[in-house]
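I have placed the structure first, in the form of structure tokens, so that the comments after it can refer back to it.
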Ligand code: SF4
Ligand code: SF4
């Protein structure tokens, strides 16, 4: 039979009512949906190649609790991502007014009232530790909940799939259309889909660069082609990656590219909530008709009617009834699909649900099922998050507005002057994090008879050099420390460099050594 006739027959079968009415009318759609007519899967021949080509996934639209949660998370996360660069925050004159800004020109990261300098990059380490521990904690509590709801790959793929359903139709319509020859309607739908995908991808790349410069100004410059080339290059690159990852690669990113499923599989335990098919309740699976026949013969039948709705809605195209699967991102959409089926056939919901391995075992053994959220690993992860978060909060709240770092010259380590004195050289960097210019006095302690000279200083006060540093600036200076004291065998001698702002304030200090022969 020619392909055109096959498609015509398939379309006809989809629109015609079944000649034999099933026992439960509400099941007609479900049973038909198992394999849409004309679209039966290929039988395995036994000599398939080792390489398995991708089977395109056509996720079916679904409604329910977890779908609503996913929509809400999508709206909030994308709303934050796209709009945050336009949120303003007043930091004073000559300071950037963008609430969240990574300013490469000055080497600063601004986050509302927090300003991180390059010298404070250890806060980034703290943030990474908190992020990792939060991921571990999420995993210990509810498996790959990050993957299912919050991961950017999931969020953008969800959006792209919504666009696809809107332009090309839901699963069954899209499946049939993909098997048709290219008609004007099919071309128009595909073109609309790719146009919308590229628009979303382009805006995604565009929003990213807005975090690196004043957003309103950059938008104006981009529109008038006056923005730097690197901005256009990054927008182009991110447009391409978003379009490719969310539009084309989708579940393959989760299954083949992302390391987290492998790490997560090693971290999970039997008390973690995971999307689980309750096989103790669902098996042996049987259609309503078959279940009735089994019951008539006094045999047991499970609640699963094998309608495959849980597979059809799955964004990664897997069958959760087969047990834990690397491809399952724990999005909960199969729960919604199965709940709808259970509601239609009048059976209790949550044949698929968030559950633990221990609970299934407990039910099978007739014991009470419960969820233990307080476990050694959840306590450990929470403690590390609180500890690191606490340390970061305290250091941020008590950090000084002045900073000083000192580096001893590597070569020469010391110089003997003609009058017998010893001299060491240092590079110092002074940080003035205040919004006013400051004059600092530099003092050195710990070295007997120390004389301090700063090349290019702005005079001295009581023998201490004065160094001027502009508002919100750093200044690097060269310092020479000379002593006529006899150091003997005590070298190297620990020294403390201290800066004190003329306007008061806590100042700052740093330690180094004076090296002799
Ligand atoms: S688990 Fe639920 S949705 Fe999946 S095949 Fe069984 S009855 Fe259908
Ligand atoms: S099996 Fe269920 S929870 Fe897992 S990815 Fe598919 S729909 Fe989501």
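No value in this document is a laboratory result; all are computed from the given coordinates. Everything numeric in this text was worked out from a predicted model, so none of it was measured. All Cβ positions, even for glycine, are placed from backbone atoms using ideal geometry, and neighbour counts span all protein chains on display.
Counting only alpha carbon atoms, the long axis of helix 152-168 and the longest principal axis of the chain meet at about 40°.
Rg/Rh for region 179-235 (Cα atoms only, Rh after Kirkwood) is 1.23.
Once the Cβ-Cβ distance of residue 229 and residue 270 is raised to the sixth power relative to R0 = 60 Å, the FRET efficiency obtained is 0.65. Quotient of the Cα radius of gyration of region 467-517 and 2.2 N^0.38 Å, N being its number of residues: 1.49. Need one number: the % of Cα-Cα pairs in the chain sitting beyond the 42 Å mark. Tail of the P(r) past 42 Å holds 44 percent of the pairs. Which residues in region 88-124 place their backbone N less than 11 Å from a point set 7 Å from the Cα of residue 435 along the Cα-to-Cβ direction? Those under the cut-off are 90-97. To the nearest ten degrees, helix 376-398 and the longest principal axis of the Cα atoms of the chain are 40 degrees apart.
Region 76-101 and region 465-504 have Cα centres spaced 39 Å apart. Taken over region 339-408, the alpha-carbon convex hull comes to 218 cubic angstrom per residue. How far apart, in nanometres, would the label points at residue 256 and residue 97 be if each is projected 7 angstrom from Cα along the Cα-to-Cβ direction? Taking the simple label geometry, residue 256 and residue 97 are separated by 5.0 nm. Looking at region 224-268, the pairs of alpha carbons with a distance over 13 Å make up 67% of the total. Label-to-label distance, residue 294 versus residue 363, with points set 7 angstrom from Cα along the beta-carbon direction: 1.6 nm.
Segment residue 61..residue 475, full-extension length gain: 143.0 nm, with 0.36 nm per residue of separation and the alpha-carbon distance subtracted.
Angle of helix 184-209 to the longest C-alpha principal axis of the chain, folded into 0 to 90 degrees and rounded to 10: 20°. Based on the Kirkwood approach, the hydrodynamic radius assigned to region 390-436 is 13.9 Å, with every pair of different Cα atoms included. Each Cα pair of region 194-270 feeds into the Kirkwood radius, which the Stokes-Einstein equation turns, at 25 °C and 0.890 mPa s, into a diffusion coefficient of 171 µm²/s. Along its three principal directions, the equivalent ellipsoid of region 376-517 from the Cα gyration tensor extends over semi-axes of 35, 22, 11 Å, largest first. The slack in the chain from residue 515 to residue 263, taken as 0.36 nm per residue of separation less the alpha-carbon distance, amounts to 85.8 nm.
Contact order, relative form, for the chain: 14 percent (alpha carbon pairs under 8 Å, 6 or more residues apart, mean separation divided by residue count). Extension gain, residue 506-residue 119: 0.36 nm per intervening residue step, less the Cα-Cα distance, totals 137.5 nm. Dividing the convex hull volume of the alpha carbon atoms of region 198-350 by its residue count gives 166 Å³ per residue.
Its alpha carbons considered, region 73-194 gives a radius of gyration followed by a Dmax of 21.6, 64 Å. The alpha carbons of region 43-142 occupy a box of 73, 33, 30 Å along the principal axes, longest dimension given first.
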